[in-house]
Amino acid sequence: MDIDQATLYDLGVFSRHDHDSLLHRLDFARTSGGREVLTRLFQQPFDNELQIKNTQNVIKKFIQHLAQFPETITNGTMMVLDKYYESPVGSIPHPSGTVNSFFYKLLNRGDYNTVKYSVKHIVTFLQGMQELLDLLFDEHLIKPLADLLIEVRLQLEKPLFQRIIHLSAEYTFTTRNNIEWGHFFYQHKNSIHILENLFYKIDAWYSMAKATKMLELHFPEVTKNTVPLLIAENLYHPLLEQPVGYSFSLSEKENFLFLTGANMAGKSTFIRAIGLSVYLASLGMGVPADKMHMSCFDGILSNIDISDNTLKGESYFFNEVQRIKTTVSKINKGKKWLILIDELFKGTNIQDAMKCSTAVIEGLRKVTTSLFVLSTHLYEIGEGLQKYSNLQFRYFETEAVGDSLIFSYQLKDGISNDRLGYLILRREKVVDMLNSL
């Protein structure tokens, strides 16, 4: 799937403050390497129905076994493995007879201690990989988990690995064991590295499965439609503690949602919730909705957090125009896109913004191969757009009681004409402060 860094940051998948990001919320990886793989997976959502469904099946398989998932392999173990292969250990004697072992331990005390400590952790790692293989492998597996576990089994078939894997927990490592196995592990470091990388992929899938389970996400129905489709029941923003759910439908016949509402009514949250749900579905994960049915998308593109660039001499409005230009160039190729636009043309005066917004909407709405969600505070332009049958109009209601505002965050049919900016200014005592100057 085509999704750029600007969109990933707009949606909150990544954040300059990690604790605010979706990745942080869904990160249950138990090792640093698993976390790195998880981050890479989050940068590469799928645009293919088969890949999405295969990953869904992997995550479902992991969810079934979360309670039995072995904890043998820790982040500390993986760090020891990496350090061992980076350490300047002197030439380990081979063959490791009694005399060679004695003198190596005597004359290379530091190196021997490194080997001894590392061998124990490598044995633990190999045993942990066998535990995972025993837990997850069965003859009904499909790609990509089947391919990964077959490779794990292939690497573990080495006779010494098999001998080590089946050692009892009470086994006492001799000096000769440490030196013999230390030499063998060093000679077969490529196999160990392959197994490490396979484990990190397992750890990343484990994280996705645990997140789906812990956050009570539901797997969507993903179909290979030739036309775009998105239907959701009680969809919500996954990062909110007390979210409000939305139900809506976008299809080829009504592929453009025109959204209005007062400031703070919930427009931006709704747009991000849609984007995050389609994004999570495209990773093969569950989504924050009771039910969701969607087509595969070739890409997601957002226009939410635009900023100016003083050093380049680029104004806010100029960058808004450039983002729209990028949008038009991408959707003009017959592919299925989800386009998310929040408060278009904030960087110019109202009259200019109304004219520009109308021109953009009237142009974009002609593209039937993509879905559009666009919010605006310029409710006045809505009346002239109602002649287009593929536009649907929704708004978030706000009730003013005295100086208090009541936000229901409920999505309703129609166009809002709420103007509450001055009321908010007055409620926050800013008007009183200005009057007292």
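Since every read-out is calculated from the coordinates, none of them should be taken as a lab result. Owing to the predicted nature of the structure, the values given are computational and were not obtained by experimental measurement. Ideal geometry is used to build each Cβ from the backbone, glycine not excepted, and the neighbour counts take in all protein chains shown.
Applying a DSSP loop filter and a limit of 12 other Cβ atoms within 10 Å to the GluC sites (Glu not before Pro) in segment 1-72 leaves E71. Where (i) 1.07; (ii) 1.28; (iii) 1.03 are the candidate values, the label of the one calculated here for Cα Rg over 2.2 N^0.38 Å is (ii).
The GNM of the chain, with springs linking C-alpha atoms under 10 angstrom apart, assigns the highest mean-square fluctuation among T376, T124, T212 to T124. Each residue, H19 and L167, gets one label point 7 Å from its Cα in the Cβ direction; the gap between the two is 4.2 nm. Cβ crowding within 10 Å ranks L81, L50 as L50, L81, fewest other Cβ atoms first. Here is the P(r) of segment 221-435: all C-alpha pair distances, binned every 10 Å from 0, give 8, 32, 36, 19, 5, 1, 0 in whole percents. Would you give the gap between the C-alpha center of segment 312-351 and the C-alpha center of segment 183-261, rounded to a whole Å? Cα centroid to Cα centroid, the span is 27 Å. Restricting attention to segment 221-435, close to 40% of DSSP beta bridges with both partner residues there are antiparallel. Excluding residues on the same chain fewer than 8 positions from K210, give the lysines whose Cα lies under 18 Å from its Cα. Straight-distance partners of K210: K53, K60, K61, K201. When +1 charges are put on Lys and Arg Cβ atoms and -1 charges on Asp and Glu Cβ atoms, the dipole computed for the chain relative to its Cα centre reaches about 840 debye.
Highest average first, the peptides 406-412, 239-245 ordered by how many other beta carbon atoms sit within 10 Å of their residues are 406-412, 239-245. By DSSP, the beta bridges lying fully in segment 219-309 are antiparallel in about 75 percent of cases.
W181: net charge of surrounding residues, Cβ under 11 Å, Lys/Arg +1, Asp/Glu -1, itself excluded? Please report the intermediate quantities before stating the final value.
Numbers: positive: K116, K120, R163, R176; negative: E180.
Computed value for this residue: +3.
Of all beta bridges that DSSP places with both ends in the chain, some 40 percent have antiparallel geometry. Most mobile of M78, M214, M129 per a Gaussian network model of the chain (Cα springs, under 10 Å)? Residue with maximal mean-square fluctuation among M78, M214, M129: M214.
Span-like helix check, the chain: qualifying full DSSP H segments, with Cα axial length of 20 Å or more and mean Kyte-Doolittle of 0.5 or more, are 267-283, 350-364.
What do you get for chymotrypsin sites (Phe, Trp or Tyr not before Pro) in segment 146-194 restricted to DSSP loop and a cutoff of at most 11 other Cβ within 10 Å of the site's Cβ?
Hits after loop and neighbour filter: Y171.
Residue by residue, segment 367-374 carries 3J(HN,Hα) couplings of 8, 8, 8, 10, 10, 10, 10, 10 Hz when phi is fed to the Karplus relation 6.51 cos²θ - 1.76 cosθ + 1.60 (θ = phi - 60°); x denotes Gly or Pro. Once the convex hull of all Cα atoms in segment 163-301 is built, its volume per residue stands at 200 Å³. Projected onto their three principal axes, the Cα atoms of segment 31-214 cover extents of 61, 31, 25 Å, largest first.
Between G347 and any residue 5 or more places off or on another chain, the built amide H atoms are never under 5 Å apart. Ratio of Rg to Rh for segment 213-292: 0.96 [Cα atoms; Kirkwood radius as inverse mean 1/r over pairs].
For H218, the residues whose amide H sits under 5 Å from its own are V287, A289, ignoring neighbours fewer than 5 places away on the same chain, with H placed 1.01 Å from N.
Once C-alpha pairs closer than 8 Å and six or more residues apart are averaged by separation and normalised to the residue number of the chain, the relative contact order reads 19 percent.
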